[in-house]
Structures are given as structure tokens and as C-alpha cells.
Amino acid sequence: MLFYGMVAVYYVMIVNILYFTIMALSYRNISTIYRRTKYSSYNTLSGSELVPPVSLLVPAYNEELTIIENVYCLMTLNYPTYEVIVINDGSGDKTLPVLIKEFKLEKIQNPEIRGTIDTETVRGIYHNPDYPQLFIIDKENGGKADSLNAGINFSHYPLISSIDADSLLEKDALIRMARMYMENPEEMVAIGGDVRIANGCLIENGAVKKISLPRKIWPMFQSIEYLKAFLGGRIGWSHINGLIIVSGAFGLFRKDYVIAVGGYRGGYPGEDMNIIIKLHRYMLSHKLPYKVAFCPEAVCWTQAPDTYNIIANQRKRWGRGNLKNMIENRGMLFNPKYKIMGLITMPYNVLFETLNPYFRITGLLALIGYTLLDMTHWRILLTFILLNFLSGYLLGVAAIILEEIAFRRYKKISDLWKMLLFSALKFVGYHQLGVLWRVQGHIQYLRKNNSWGTMTRQSWKEESETA
Amino acid sequence: MFSHLIVAYIFIFICLGLIGLGIILLFLMKISQNKEQQLREMYEQKHHDYFVYIQTHLEDEKALRLPPGKLKPLERRVIQDKYMEWIEQFKGEYRAKMIQLCRDAGLVEEDLKALKSFRYGRRLGAAYRLGGMRAGEAVPALLQMLQKGKYNSLLIIIARSIAKSAQRPEDVIEMLRTLLSHGKPIHHLAADIMLETGLDTSGLLMKLLDDQDPALVKVGLVAMWGQAVPEVMPVLGRLVGSEEKDVRAEAVKLYLSSNPTLKDETIVQLMSDRNWEVRAAAAKALGPLHAAGSIPLLVKALQDANWKVRHSSAESLAALGEAGFEALCQAALSGAGIQREAALQRIELVMEKKQEHSAIEQMVAYNKKRLIHDRYFGVKQQPIKRMPGIAAVGGDYTA
């Protein structure tokens, strides 16, 4: 029992050393990110005909409360040529009618759909020449991946960007990503943006006017969590071309390669991770030079779930999606053919993300059991708990430092106190719940529970009023 | 056992120490950033009258006055930022006055010194500002910095500064050559950087199109989109026959966009080019050129493996009067697969445009097409395309 407990202690230390290594890589790159953010001017680029046109794909399922504001936000980006394609995925609410009414849309009689990826039936495509860059695809319910595929089939431009309907892009977000793409157009197959929590911010006319931290605890924990995952993790993984996910909330992709890998995988959550794994696999199998990058200065603000049930559903779904992706792509594990992905990212993800809850829970149980047998060994238990807490907290502090070096979105000293406090509080309950949700997600996977769960949206106006 | 615990203790103490240091660092950073922000706002307020003076005296013949009093470093930076903002916004004489003001205030000299700093961050900041101030004297040092650097986003910042500051076309070309020497196909980005220059663009484009390096030629071609530069047309004619696939494609697209007169053999040659971009550009141009003799070629191109070529051919056929439209209808009726699909889509689009034909002549042309259409297809409308589907699940799409 003691032996297993000590194995768990070492496991925690190794996990954290790996986290620190990735964090160190993020630190290595942060000065470059800061400088390119500070010294890049987008005035000329955002009006240049030389910037590649982009199709923004916005899957929407029961988004009647937020969709209008979001579409307005997307139609006023600082970007020369782009189209907004909202895909109404058989919503049960008034998502389609509110869009038709607001933008005075009419059904296109014979729409031209060039793509050939299989999707659920498209019921119609709506357009108004007064808003030339806006198209609405109305289709049978088929899930997010299916909607994205329908969007790809209809899209007109060589780059596609997937954007969640509950998210708002900063005006320069897309042009920042495009700049990154233009710097290496041959190799860049996917670029992920930085997702931040909008709860608590003041939203006006589809844009974040005043940035504040969330007031409610669930979004606040997520805010801290996203900061750590995106700045502390993805900058580092991107540096070694080992990114395993580009958030579904905001990412830019080369359409030809997305089509080459068969589009998004439908029928199961985790499609955002799956498409990236497929892209890695395809490019490495065909020995093509490529890069999956993270662009932290391209920011997307999203509405985070603010009740226990919704966040629990979301995390279980993520847990399920992660497990499914790992099992589906097990052939890449420790396979030198897949380079960084096969030798580092995938093993890391399986050992330290997918299986993490089991090591931690069983290790803790073993140490509790050992301590109960002989209470004089309480120190070992305390050491295990302290190790978990302090190393995790250190990573949280390190992520906040990255934020302060390069981005400085939260101006007040009180924000800093709040972030530090919640980075610590996260380990008293929230962290453990995260472990539990992940295990429950795995159980759902084994029981073949394939549902997405429920999600309620709040209008951006209400969100701002409560802020 | 104890040795294991000692390892864990060491780990814990290291974490504790780093957390303490990190928190102290965070507060120091936050306090200093907030203080700097406050000072910036204060200086902007303090020099408000001076900024108004500049804006109201830009038209004066006299040189603009320097900011009053002895300035602190941050104060100078605030004023410099404002100068640079105006240089970016203004053109011609106003811009020249602001550039001179930067020189008179010693800002250019200051940043030229900073360009020799040991710290890369300082050098880069200086390079950015020198570009903002259009400091021609900084170009040799900036070019050196560009040549020594590894290819990344920061190199682009230096390249933009060179383009902005360059006084001679050769410097811009040297900058582009260095940028492209890293082997990345960044022609669009390079063209965008090049267009930041204050030099005469047409002269620069001529030099680029005449260069031996195909990469530079391509930058020139890409930069020409949206620019009316008649003097480069003869060079374009030569580049249409270039050995380089990409160069040829870009040149053909540009050449055809100027509505030139094409010989029959040139049309045949372009429509059978190995590069789909050339075929598509040729197909697209034939309609507006009213090249009715090319109808058989366009009908054949409806079977092209590339969608863009098929689409452009159908578009041109529809634009070639009744004969072209009839050929399109024939292809839709007697053709198969992709040929039929491309023809049908275009026919539907033409038929949908009924309401747009307000002028009498257009109405007559439309009605003639309508008659041809009805002769081939009757009056029945094509049903909306339905896509085959697979079973999938739906739900919320959070993050």
C-alpha cells in the first residue's frame, strides 16, 4: 500500500515536471509573442486584398438568445474578405426565425454546394444581398461536426474558421491569425485562438467593452483554468508542434486539408481534438511539412457555464471525447512515424491526462489506507496532498505571470488578488470535481452514452447587466 | 523511505519558494504597469494643448515647434507615439513635416543609438519606431538586422520598417530578397510589406518583374493586383510564357484581367495549360472578351477536372449571348456528370436573374435565353439539391 502510495507521489512529481517543461517552453516564447503583439500594426493588413479570404463557420443549436449579437459581432471584424456561414443544426427554438427576421433573409432557390462531405439533409440556405457576406444554412439536426461539414461544403474560400455561436471575437482576432498564416502559408494547416471567459465582462453591440473577471464562482474557476491551459500549455505545445487540440470555439484551418482528412468526425464529442489528430496523422503519413500553431493574441470571448449541472455535463462530455480520441488513435502511441505526436503528445495525453484521475484517486486512497493502519505516517499523506496543491498552484501563478507579461487584460490589483485566490481555491473542491467528472465521462463512454447533455444560454445583454 | 520523503520535501520547498517569488513579481509588475499607464494618461493630458497646436499649424510654412520643457523618457515616448500615429495617417507635406519634427526632437537619433543596443528587445523596439518615423538613415542598419535574424514574426516587423523608411527602390528589393531567402512561399505577405513603401510603386514593380529571381517576380505580380500600372503590361506579356509555373499563372491572370485581344492559338494554348489556375483564368476571361469562337473550347472545359475551370467556363458561356447559352443548355441536356452539373448550375443562376433585368436590352436578352431554356427543359424548375446524410447527434456546442 505504501509502495503504491509512493508510486503515486512520484507520478504527481513527474506529471508536474512535465507540466513545468511545457510551461518553460511557453516562457521561452512569451517575449516573442509580446513583441509581435506590440509592434504589429494591422491597419494596412486588415484592408489589404492580399490577405486570404476566410469562411467563418458558426454552428448554432438553440442559440436564439445570443445568435443575433454574435452575427453582428462577426460581420464587423477588421478583415478584408470573409463570409459568415451560420449553420442552424435543426434547433428546436427560434434560432432560424430570429435570424431570418433580423437580416430579412430569403431562401436561395438553387444553392450551389460544392463540397461532397456527407452530412444530414440541408433544408435550405438563406441569404440577403444587402448582407452579401452572410449565409444561413438550415439543416436537420446532426451535431456540431456535421454542421461544420455542411458549412465546409457550402463555403467559398480556401480558409475556414470554426466559431462557437456563444462566442464573441475581438475585432482584430481574425487578422492576427491570418498574419500568422501568411508568415508560413505552405506549412500552416491549423491555428488555434485564445479562448477567454466573457462572464462578468460588459458586452455592447457584439463586442467586449469592459473586461472584468466573472462574479460567479463556476465561471471564475473556468477563467483560471482556461488561462492556465491556453497560456501555460498551448504556447509550449505549439512551440514543439505537438498541439493536440485547437479549441472548437475559435480556430482557423486550411480547407483543402480538412477535406483531405474527410472533414470533421460526426457522431461523437471531441471533434475539435479529433480533427487536429487527423491533420497530424495525414501530414506525417504523407511526409508533408506542416505546423499546427496557437495564436494567443487572437482572442475569442465565450460564455462559460455557470451552474453545476451544465459544467458537469460539459466536462463529462470532454472526458468522453478525450477517451474516444485516444482509443481511436491508439496506433499513434509510441509510434516513431508520428514524431512528436506519437512519441510525446499522445503518450503524455494518455498517461497524464486520460489516466490522471485514476493514478491520483488510487494513490490518495492507498495513502489514506496506509495512514489509517498506522496513524504515525500522517506525514506521508500530508506530503502527497501538499505536493498536489503546491505544484498545481505554482503552475497557476506561472500562468498568471505569462498573462501579465504579454497580455494584461485584467487591469485592477483586485483582479490579481482574485486570480491568485481562485487559483488556490481551485484545489479545494473544483479540482477534485474535475477528476470525478472525467471518470464519469469515461463511464459514460463505456456505457455508450452518446448524448451532448443540455445547455442553457443567457442573452449577452443579461450577462452584461449582471456584470 | 525517508529518502523518498526528502525528495518530496525538497520539491515542496522549491514550489513554496517559487510561488512566493512569483507572487511578489506579479504585484511588482502590476503596480509598475498601472503606474506607467497612469503616467501615460497624465502626459497625454499635459501635452494636449501641444497636440492641438501641431494639428492646427500643419499648414504653416514655418517648422513646427518642439514640445515645451524638459521631457522625461516616458513623456518623450508618449509624444513620439502620437507623432508616429499622425505619420501613419497623414500623406504628402503633412507627413513630411511630422517626419522632420521627429528628427528635430532628436527621436530618430535616439532610436538609431538604440539600434546598436545589446538587448534584442530594445533593438526591435527601435527598429519599429524608426520605421514609424520613416527614418531613411536607419535602412542600412535595419537591413543588417534583417539579414542576421532567423525567420519569424519579428523579422516581419523589421522588414515593414525597412519598406516604410527606404529612400531607394534597391533597398526595398534587398529587403524582399532577404525575406524570401528563407525559402518560405510568403509572396502575398512580402507584397503587402512592399506596398508600405513611400516610393513610386510602378518603378518598383518594373524592377521586380524584371528580376532574375522568380520569387521576386512573383511578389511583383501579386502586388499588382488592384493596382493600375499600364507601363508593366509589356513585361506581363513576356511573363505569360515563363517557365515557372506559379509566375506564369499569376502573369496570365493579370494579363487577362486587362481585357487584351487574344489570338485563337493563344486561347487554345491557355485553355490546355497544365496549370488549372491558367485554364480557369483563361476560361473566365473569354466571356467578357466576347470570344464567341471559343464556345467549343469552353464546352469542352465544362468537363475539366478542376471545379474552378468548369465554373468559369460555364460563366463565360452564359456571357457569350444566345449561342453560348444554347451551348450551355445542350451540355446540360446531353452531357453527363460534372459537365452537366456545372452547366445546370449556371443555367439556374441565369434564370434566377429575371428580376435584375430592368433595362429593355437586357430584358430582351434574358427573354431569348428564357426561350432557349424552355425549349430544352420546358418550364419545370429544378428541385433544390438535397444532400445525402449520415446519422449524427446534436446538442450544445460549448467550448
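The values are calculated or read from the model by the stated rules, or taken from the named source; none is laboratory data. Note that the coordinates shown come from a computational prediction; the quantities given were computed from them, not determined experimentally. For neighbour counting, all protein chains shown are included, and Cβ atoms are generated from backbone atoms with ideal geometry for every residue, glycine included. The accessibility values were calculated without ligands, DNA or RNA, using every heavy atom of the protein model including side chains. Shrake-Rupley method; radii C 1.70, N 1.55, O 1.52, S 1.80 Å.
Sorting check: for B:111-120, A:59-68, which peptide has the highest mean count of neighbouring beta carbons within 10 Å, and how do the rest follow?
A:59-68, B:111-120
Hey, got the average number of other protein chain Cβ atoms within 10 angstrom for residues in B:180-193?
The mean count of partner-chain Cβ atoms within 10 Å per residue comes to 4.
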Among the aspartates and glutamates, which have Cα under 15 Å from the Cα of B:Lys35 when same-chain residues fewer than 8 positions away are ignored?
-> A:Glu404, B:Glu44, B:Glu75
Among the listed pairs B:Lys184/B:Lys207; A:Lys38/A:Lys104; A:Lys104/A:Lys171; A:Lys38/B:Lys253, give every one whose C-alpha distance is greater than 31 Å.
-> A:Lys38/A:Lys104; A:Lys38/B:Lys253
For chain B, the percent of all C-alpha pairs falling in each 20 Å bin, from 0 up to the bin holding the max distance, is 20, 32, 30, 16, 1
Mind checking which aspartates and glutamates have their C-alpha under 18 Å from B:Lys263, skipping anything on the same chain fewer than 8 residues away?
-> B:Asp273
To the nearest 20 debye, what charge dipole does the stretch A:132-207 have about its Cα centre, counting +1 at the Cβ of each Lys and Arg and -1 at the Cβ of each Asp and Glu?
-> 80 debye
Hey, what's the Cα Rg ratio for the stretch B:155-249 versus the globular rule of thumb, 2.2 N^0.38 Å?
-> 1.00
Could you state the orientation-averaged shadow area of the convex hull built on the Cα atoms of the protein assembly as shown, in nm² to one decimal?
-> 41.1 nm²
For the Cα atoms of chain B, what angle does the longest principal axis make with the long axis of helix B:73-89, in degrees from 0 to 90, nearest 10?
-> 20 degrees
Per-residue mean of other chain beta-carbon atoms within 10 angstrom of the beta-carbon, peptide B:114-123?
-> 1
Output the pairs from A:Lys287/B:Lys308; A:Lys107/B:Lys284; B:Lys30/B:Lys72 with a Cα-Cα distance over 24 Å in this structure; if there are none, say none.
-> A:Lys287/B:Lys308; A:Lys107/B:Lys284
Amide H contacts under 5 Å for A:Ala198, restricted to residues at least 5 apart in sequence or on another chain and with H modeled in the peptide plane, are A:Thr302, A:Gln303, A:Ala304
Output field shielding_mean for A:144-151 (other chain Cβ, 10 Å radius) holds 3
Which lysines does A:Lys216 reach when only Cα atoms under 22 Å apart count, and residues fewer than 8 places away in its own chain are ignored?
-> A:Lys228, A:Lys316, A:Lys411, A:Lys412, A:Lys418, A:Lys426, A:Lys461
Using Cα atoms only, what is the angle between the long axis of helix A:378-406 and the major principal axis of chain A, expressed in degrees (0 to 90) to the nearest 10?
-> 30 degrees
Relative contact order for chain A: what is it in percent, counting Cα pairs under 8 Å that are at least 6 residues apart?
-> 21 percent
Relative to the longest principal Cα axis of chain A, at what angle does helix A:144-154 sit, 0 to 90 degrees, rounded to 10?
-> 30 degrees
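Starting from the Cα gyration tensor of chain A, multiply each eigenvalue by 5, take the square root, and state the resulting semi-axes largest first in whole Å.
Details: eigenvalues 277, 115, 105 Å².
Values for chain A, descending: 37, 24, 23 Å.
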Counting only heavy atoms of protein chains, what accessible area per residue, in Å², does chain B have with a probe of 1.4 Å?
-> 52 Å²
Quick one: of the DSSP bridges fully inside chain A, what percent are antiparallel, nearest 5?
-> 45 percent
Hey, what's the per residue convex hull volume over the C-alpha atoms of the stretch A:1-118, in cubic angstrom?
-> 263 Å³
Would you please give the FRET efficiency between B:Arg177 and A:Leu202, computed as 1/(1 + (r/R0)^6) with r the Cβ-Cβ distance and R0 = 35 Å, to the nearest 0.05?
-> 0.10
Share, in percent, of DSSP beta bridges within the protein assembly as shown that are antiparallel, nearest 5 | 45 percent
Antiparallel bridges, percent of DSSP beta bridges restricted to the stretch A:81-149 (to nearest 5) = 55 percent
Accessible surface ranking that places the most exposed of B:Arg134, A:Arg114 first, with a 1.4 angstrom probe | A:Arg114, B:Arg134
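Cβ neighbours within 10 Å, averaged per peptide: list A:190-196, A:284-290, B:56-62 in order, most packed at the top.
Ranking the peptides A:190-196, A:284-290, B:56-62 by packing returns A:190-196, A:284-290, B:56-62.
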Which three lengths, in whole Å and largest first, does the stretch A:184-271 cover when its Cα atoms are put on their principal axes?
-> 44, 29, 29
